[in-house]
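Engineer: Take a look at this one; I'll ask things after.
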Amino acid sequence: MSEKTAQMKQEFLSKLENVADMASLDALRVEYLGKNGLITGLLKEMKNLSVEEKKTFGQEVNILKNEATDAITTKIEEMKKAEIEKEINSMPDIDITAPANLDRGSYHPITLVQRECEEIFRSMGFHIEDYSEIVTDYECFEALNIPKHHPARDMQDTYYLENGQLLKSHTSAAQNAIYKKYKDALINDGVPIKAIFPGRCFRNEATDANHENTFFQMEGVMVDKNISISNLIFFMKTMLSEVFKKDVKVRLRPGFFPFVEPGFELDINCLICGGEGCPSCKHSGWLELCPCGMIHPEVLRAGGIDPEEYTGFAFGLGLTRLVMMRYGVKDIRDLNSGSLKTLSQFTDDK
Ligand code: PHE
């Protein structure tokens, strides 16, 4: 290699070594390899050389040009790598494989109590059924022995759709469908109908601490030969003592519902005031929790079951009310408030 090219190579390499950023690297590239660059300039000097000299010098310059180009490419890669490393090192020390430390949501107190009740009834052999919130007038009223213009409808004014369907005002609206679903097994194979069906209900209510336009009930029915009120009382007491983990005081009063005969109101001792009287129990010390009764013959008949042969009981547990008792919620409106601050405090971590 001629002294000139060797010197140029030396200079280039030492300058390259000191380059600190992309901009000066590019400037260096232009200085040596650009159209008017130093290496390109060497080729222009060739015109004064002999043919033989041109050949060796030309080769030398080309080798230098390639070496310089490769050195620049390598330098670019090194600089990019260094930049990435710098970025990685400046990142906070985190373990991206660790589980996210997010605030976990919690179940609504109604869901918790509903599941608990479902478990209790499941263990006693009941099916758990789901049913729609929009139902027909037939399902909600007619099939339950409440004809059009019956005064019992006044207590269950609800929200009507333009097509005549309505938001169910009680879970009893599913009774007819349940009887029809299980009647064949009852009649042909002697399998008793035992089902509970929790659900959201709607009523046109003036709201206060104890009334909401949207609330939850859990209906239960049992139909077989020789079912009596004693069966009803047994299942109610078992369920309530399981939910409250103690023997709860109950009382049975006569109550009127067109779809049961006889009909009752099952009250429990108000657990918020201990029976002394408070706004939640309308100062009576008792809380209506579970209207119930023996299924009316007309209702069984509408479900395809012969009331001469079979009897049954039905109850409509006020799930929302049960939650209020269980957790000491004084105002029913808190449960629909959507306030996480309020709702998350009732949560058992289940
Ligand atoms: N469906 C009735 C109501 O919401 C309650 C009820 C259910 C009464 C079953 C008797 C038997 O008012």
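No lab work stands behind these numbers, since they all come straight from the coordinates. This structure is a prediction, so every number in the text was calculated from the model and none was measured. No Cβ is skipped: glycine too gets one built from the backbone with ideal geometry, and neighbour counts run over all protein chains shown.
Engineer: Counting other Cβ atoms within 10 Å, which GluC sites (Glu not before Pro) in region 281-350 have at most 14 and lie in a DSSP loop?
Structural biologist: E308, E309
Engineer: Follow-up question, since we're still on this one. Please give the length that would be gained between D137 and D306 if that part of the chain were fully extended, namely 0.36 nm times their separation in residues minus their C-alpha to C-alpha distance (nm, one decimal).
Structural biologist: 58.5 nm
Engineer: Expected output is a single nm value to one decimal: the length gained when fully extending between E298 and A152, i.e. 0.36 nm times separation in residues minus the C-alpha distance. What is it?
Structural biologist: Gain on extension, E298 to A152, equals 51.0 nm.
Engineer: Among 67-77, 313-323, how do they line up by average Cβ neighbours within 10 Å per residue, starting with the highest? Write down the numbers at each step before the final one.
Structural biologist: Values: 67-77: 14.4, 313-323: 23.8.
Per-residue mean Cβ counts within 10 Å order the peptides as 313-323, 67-77.
Engineer: Running a GNM on the chain with Cα contacts under 10 Å, which residue among N176, N336, N18 ends up with the highest mean-square fluctuation?
Structural biologist: Top of the fluctuation ranking is N18.
Engineer: Please compare each pair in K168/K237; K4/K81; K249/K341; K194/K341; K148/K330; K237/K282 to a cut-off of 30 Å on the Cα-Cα distance and tell me which ones are over it. Let's see the in-between values first.
Structural biologist: On the way: K168/K237 27 Å; K4/K81 34 Å; K249/K341 32 Å; K194/K341 38 Å; K148/K330 36 Å; K237/K282 23 Å.
Going by Cα-Cα distance, K4/K81; K249/K341; K194/K341; K148/K330 fall outside the 30 Å limit.
Engineer: Return P(r) of region 3-90 (all Cα-Cα pairs; 5 Å bins starting at 0; whole %; ordered from short to long distances).
Structural biologist: 3, 13, 22, 21, 14, 10, 7, 4, 3, 1, 1, 0
Engineer: Work out how far the C-alpha atoms of region 35-154 reach from end to end along every principal axis, then list the three figures in whole Å, largest first.
Structural biologist: 122, 37, 28
Engineer: Any idea what % of Cα-Cα pairs in the chain are farther than 35 Å? Kindly include the intermediate steps, with their values, before the conclusion.
Structural biologist: On the way: 29855 of 61075 pairs.
Value for the chain (Cα pairs over 35 Å): 49 percent.
Engineer: Take the alpha-carbon centre of region 278-332, take the same for region 231-254, and report the distance between them in whole Å.
Structural biologist: Computed from Cα coordinates, the inter-centre distance equals 12 Å.
Engineer: Taking the Cβ-Cβ separation of N89 and V30 as r and a Förster radius of 22 Å, what is the calculated FRET efficiency to the nearest 0.05?
Structural biologist: That pair, N89 with V30, gives E of 0.10.
Engineer: Just report the Cα centroid separation between region 140-211 and region 1-73, whole Å.
Structural biologist: Here the two parts' Cα centres lie 93 Å apart.
Engineer: Given the options V223, V51, V191, which has the most mean-square fluctuation in a GNM of the chain, springs set between C-alpha atoms less than 10 angstrom apart?
Structural biologist: Of V223, V51, V191, the most mobile in the Gaussian network model is V51.
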